[in-house]
């Protein structure tokens with residue numbers, strides 16, 4: 001089993017991860033996780049743990065992990081939004097075919113405000129992208 005373990009382990013945290021070196025070469029033949037750094041996914045900061053220094057290889061490994069993690073999180077964001085679109089469609093079907101008047105009364109104002117806010121943001125962002133595209137074409 002010890003031969004199958006990676007050399008490093010990333011414990012996911014809210015804004016990044018704690019990075020551990022996996023040690024199986026100790027007297028008790030136990031798996032030990034030695035914290036070597038923390039990494040912040042949002043700002044890219046990599047902080048060595050304690051007074052330790054990271055090797056160039058460890059810096060590269062953490063940088064590679066950071067890039068992959070950001071890609072995963074970006075893909076999840078898009079997937080979450082596409083699920084929201086599906087849910088909006090299901091909500092439309094529910095409102096049209098199943099909802100009672102009391103249920104509609106309970107949710108209508110909240111839905112209308114949220115959809116109005118979303119529409120305003122989407123229209124503004126679309127206009128900004130179109131404007132930037134026009135300026136780049138000139």
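Here 61, 66, 54 are screened, and the one residue that is part of a loop (DSSP other than H, G, I, E, B), surrounded by 10 or more Cβ atoms within 10 Å (Cβ to Cβ), touching a strand residue (DSSP E or B) at 6+ places or on another chain (Cβ under 8 Å) and at pLDDT 95 or above is 54.
Among the residues of segment 17-30, some residue qualifies, meaning at least one is outside any strand (DSSP E or B) and in contact with a helix residue (DSSP H, G or I) (Cβ under 6 Å, 6 or more places away or on another chain). Which ones in segment 13-41 are modelled with pLDDT of 90 or more and surrounded by fewer than 10 Cβ atoms within 10 Å (Cβ to Cβ)? Passing the criteria: only 14. Taking the condition under 30 Å from residue 114 (Cβ atoms) and either within 15 Å of the chain's Cα centre (by Cα) or not assigned by TED's automatic domain parsing to the domain that holds residue 105 (or both), does residue 22 pass? When the stated conditions are applied, residue 22 does not pass them.
Here segment 91-115 is the region considered, the condition is being assigned to a helix (DSSP H, G or I) and exposed (fewer than 10 other Cβ atoms within 10 Å of the Cβ), and the residue that is nearest to the chain's Cα centre (by Cα) is 110.
The values are calculated or read from the model by the stated rules, or taken from the named source; none is laboratory data. Bear in mind that the values here come from a model prediction, so they are computed numbers and not experimental data. Please note: Cβ atoms are built from the backbone with ideal geometry, for glycine as well, and neighbour counts cover all protein chains shown.
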